[in-house]
Amino acid sequence: TGFDIKQRERIILESGNSNDECKECAYRSRCVNWCGCVNYLSTGKIGKTNGVVCFHEKLTIDIADEIVAGSKEIKFV
């Protein structure tokens with residue numbers, strides 16, 4: 001029967017990240033915990049993330065920073 005416009009609007013409003021602890025996080029601008037699919041699978045809500053995702057994001061960002069800091073020149077192959 002086509003798209004449910006009201007359902008689509010609700011999903012758009014719920015997307016993103018609404019965790020209070022994320023608002024003040026130093027990693028916020030580089031974190032991708034806003035993925036609705038990952039959030040839904042881990043918490044049942046598209047706008048809420050969990051501690052495992054948070055830990056993974058911080059670890060990944062730290063590793064990327066260490067790689068860049070240790071490289072004088074980054075070569076892409």
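Which percent of the accessible heavy-atom area of the chain goes to carbon and sulfur, probe 1.4 angstrom?
Ligands and nucleic acids excluded, carbon and sulfur reach 61 percent.
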Say a paramagnetic label sat at a point 7 Å from the Cα of Lys58, along Cα to Cβ; which residues of segment 17-43 have their backbone N under 17 Å from it?
19-34
Descending packing, highest mean Cβ count within 10 Å first, for 18-29, 40-51 is 40-51, 18-29
When the Kirkwood radius is taken over all Cα pairs of the chain, what Stokes-Einstein diffusion coefficient follows at 25 °C and 0.890 mPa s, in µm²/s?
169
Before I look further, what does the chain give for accessible area per residue, probe 1.4 Å, in whole square angstrom?
85
From the phi angles alone, apply the Karplus equation (6.51, -1.76, 1.60; θ = phi - 60°) to segment 18-34 and give each ³J(HN,Hα) in whole Hz, x where the residue is Gly or Pro.
10, 5, 4, 5, 7, 4, 9, 6, 5, 8, 3, 6, 10, 8, 10, 6, 8
FRET efficiency, 1/(1 + (r/R0)^6) with R0 30 Å, evaluated for Ala69 and Lys45 via beta carbons:
0.25
Net charge near Asn39 (other residues with Cβ under 10 Å of its Cβ; Lys, Arg +1; Asp, Glu -1) is +1
Taking a crude spin-label model, label points 7 Å out from Cα along the C-beta direction, the Glu14 to Arg28 distance in nm is 2.3
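The values are calculated or read from the model by the stated rules, or taken from the named source; none is laboratory data. All values derive from a computational prediction rather than experimental measurement. Reconstructed Cβ throughout: ideal geometry from the backbone, glycine too, with neighbour counts over all protein chains shown. These area figures cover heavy atoms from the full protein model, side chains too; ligands, DNA and RNA do not enter into them. Shrake-Rupley method; radii C 1.70, N 1.55, O 1.52, S 1.80 Å.
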